[in-house]
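Report on the following structure.
The values are calculated or read from the model by the stated rules, or taken from the named source; none is laboratory data. Everything quoted here is computed from the prediction, not taken from an experiment. When we count neighbours, we look across all protein chains shown, and the Cβ atoms used for this are built from the backbone with ideal geometry, even at glycine.
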Amino acid sequence: MSKASIAQMTLGAFRDDIESRAMPGCGAVAANAAANGLALILKGLRLTKSKGEDKRRARLIEQGKRLEERLGGYADEDIAAFKAYLAAKKNADQDASDDEALERAVERINQVPLATARGCIDALRHAEQAIDQIKPALHSDARAGAQLIHAGLSMVLINVDANLDGLDDETERRELADERASLQAEADRMRARLAPAPS
């Protein structure tokens, strides 16, 4: 995989890297999925026409673009964190005195998925604020985007589950597990609110 940001890759190149290399893994794919979900919401905001300037919609677009970039950044950070972990583990295997660097790398790979999940929560909040500013004809795009953000969050929390198994500190494991459960529950509630009403 090149050193360029995932955002600069073609969809085909990104997909090829996913299926043929160790990285990007599920964390980067999850963050990218959430960013694409947010793009669908931004599409609804941008294509909804109104008479005169709509300052609220313009503000939502600006906020959404910042969130989209943030989620894309988490995709790159997930790859960087995993590379750093592999390097620290190799060094620790060769030099037992280098355990501190490995501990920092483990902390980083634990925190990046949680940060990504928090970003997904912010994106779902944005979707809740945006949906009333989007014309009905584009609600299907926006609601599908919210579903994709939720899927990205659920995907990245699988990373958290895997990382929990490697933690020796019981207190830290419990704290991470509690935050993981809280993030999933909050996302589930927002997804339910954003789901289309049954016909």
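Applying the selection to region 1-14, what residues are free of Cβ contacts under 8 Å to residues at least 24 places away in the same chain and closer than 20 Å to Glu77 by Cβ?
Taking region 1-14 and keeping what is free of Cβ contacts under 8 Å to residues at least 24 places away in the same chain, we get 2-4, 8-14.
Result: Ser2, Lys3, Ala4, Gln8, Met9, Ala13, Phe14.
Criterion first (free of Cβ contacts under 8 Å to residues at least 40 places away in the same chain, of a type in the set (A, V, I, L, M, F, W, C), in a helix (DSSP H, G or I) and surrounded by fewer than 16 Cβ atoms within 10 Å (Cβ to Cβ)) does Ala87 satisfy it? Talk me through it step by step, then tell me what you get.
On the way: free of Cβ contacts under 8 Å to residues at least 40 places away in the same chain: yes; of a type in the set (A, V, I, L, M, F, W, C): yes; in a helix (DSSP H, G or I): yes; surrounded by fewer than 16 Cβ atoms within 10 Å (Cβ to Cβ): yes.
The answer is yes for Ala87.
Among the numbered criteria (1) of a type in the set (D, E, K, R); (2) assigned to a helix (DSSP H, G or I); (3) closer than 20 Å to Asp141 by Cα, which single criterion is violated by Asp16?
Unmet condition: (3).
Could you list, in sequence order, the residues of region 163-180 that are surrounded by 12 or more Cβ atoms within 10 Å (Cβ to Cβ) and either over 20 Å from Leu71 (Cβ atoms) or among the polar types (S, T, N, Q) (or both)?
First pass over region 163-180, keeping only residues surrounded by 12 or more Cβ atoms within 10 Å (Cβ to Cβ): 163-164, 167, 172-177, 179-180.
Result: Asn163, Leu164, Leu167, Glu172, Arg173, Arg174, Glu175, Leu176, Ala177.
Just checking, does region 29-52 include any residue being farther than 23 Å from Asp141 by Cα, of a type outside the set (A, V, I, L, M, F, W, C) and assigned to a helix (DSSP H, G or I)? Don't jump to the end; show me each part of the working.
Applying the first criterion (farther than 23 Å from Asp141 by Cα) to region 29-52 yields 52.
From the residues that got through so far, the ones that are of a type outside the set (A, V, I, L, M, F, W, C) too are 52.
Narrowing further to those that are assigned to a helix (DSSP H, G or I): none.
No, the conditions are met nowhere in region 29-52.
Go through (1) without any contact (Cβ under 8 Å) to a residue 60 or more places away in the chain; (2) within 23 Å of Asn159 (Cα to Cα); (3) in a helix (DSSP H, G or I) and name the single condition Glu62 misses.
Only one criterion in (1) without any contact (Cβ under 8 Å) to a residue 60 or more places away in the chain; (2) within 23 Å of Asn159 (Cα to Cα); (3) in a helix (DSSP H, G or I) is unmet by Glu62, namely (2).
Report, ordered by the first and then the second residue, all pairs with beta carbons closer than 8 Å, sequence separation of six or more or different chains, a first member in region 20-46 that is under 20 Å from Asp132 (Cα atoms), and a second member that is of a type in the set (S, T, N, Q).
Close Cβ pairs satisfying both conditions: Gly37/Gln147; Leu45/Gln133.
Quick grid of which residues meet (1) more than 14 Å from the chain's Cα centre (by Cα); (2) at pLDDT 95 or above; (3) closer than 23 Å to Ala81 by Cα; (4) of a type in the set (Gly, Ala, Ser):
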position: Leu102; (1), (2), (3), (4): yes, no, yes, no
position: Ala115; (1), (2), (3), (4): no, yes, yes, yes
position: Ala130; (1), (2), (3), (4): yes, yes, no, yes
position: Gly152; (1), (2), (3), (4): no, yes, yes, yes
position: Val160; (1), (2), (3), (4): no, no, yes, no
position: Leu164; (1), (2), (3), (4): yes, no, yes, no
position: Arg174; (1), (2), (3), (4): yes, no, yes, no
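Any idea how many residues of region 68-90 are among the acidic types (Asp, Glu) and more than 15 Å from Glu107 (Cα to Cα)? Steps first, please.
Just the residues of region 68-90 that are among the acidic types (Asp, Glu), to begin with: 68-69, 76-78.
Right, trim to more than 15 Å from Glu107 (Cα to Cα) and you get 68-69, 76.
Here the count works out to 3.
Of the residues Ala187, Ala144, Ala117, Ala105, which single one is closer than 25 Å to Gly25 by Cα and surrounded by fewer than 19 Cβ atoms within 10 Å (Cβ to Cβ)?
Numbers: Ala187 fails: surrounded by fewer than 19 Cβ atoms within 10 Å (Cβ to Cβ); Ala117 fails: surrounded by fewer than 19 Cβ atoms within 10 Å (Cβ to Cβ); Ala105 fails: surrounded by fewer than 19 Cβ atoms within 10 Å (Cβ to Cβ).
Ala144 is the lone residue from the list that is closer than 25 Å to Gly25 by Cα and surrounded by fewer than 19 Cβ atoms within 10 Å (Cβ to Cβ).
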